[in-house]
Ligand code: SF4
């Protein structure tokens, strides 16, 4: 199932015109995972994080982040 991801982070390599994400897949996770894996990730690294972290519940949106971000 294809979905559209809207994103305003326009200095990301994957950012596309009209505030869409152009990545094939993205990894959204919690700030806990961001602390454990502070650099950006490609698809194999995203799979490794998912396998390592499993599910990571959050209490609020500010506890989440896009780990696929790559500075343009
Ligand atoms: S990879 Fe993440 S930060 Fe980059 S455009 Fe997509 S949603 Fe935004």
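Computed values, structure above
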| quantity | calculated |
| --- | --- |
| Residue 4 paired with residue 61, simple spin-label distance in nm, labels 7 Å along Cα-to-beta-carbon | 1.7 nm |
| Mean ellipticity per residue at 222 nm, deg cm²/dmol - from DSSP H runs of n ≥ 4 across the chain, formula -39500 (n - 2.57) | -6500 deg cm²/dmol |
| Degrees, to the nearest 10: 43-53 long Cα axis against longest axis of the chain | 30 degrees |
| Hydrodynamic radius of the stretch 26-66 per Kirkwood, over alpha carbon pairs, in Å | 10.3 Å |
| Relative contact order of the chain, defined on C-alpha pairs under 8 angstrom at six or more residues apart (%) | 40 percent |
| Projected label distance in nm at residue 18 and residue 32, using a 7 Å step from Cα toward the beta-carbon | 3.8 nm |
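Only the coordinates and a few stated rules stand behind these numbers; no lab work does. Just so it is clear, the model here is predicted, and its values are computed rather than measured. Reconstructed Cβ throughout: ideal geometry from the backbone, glycine too, with neighbour counts over all protein chains shown.
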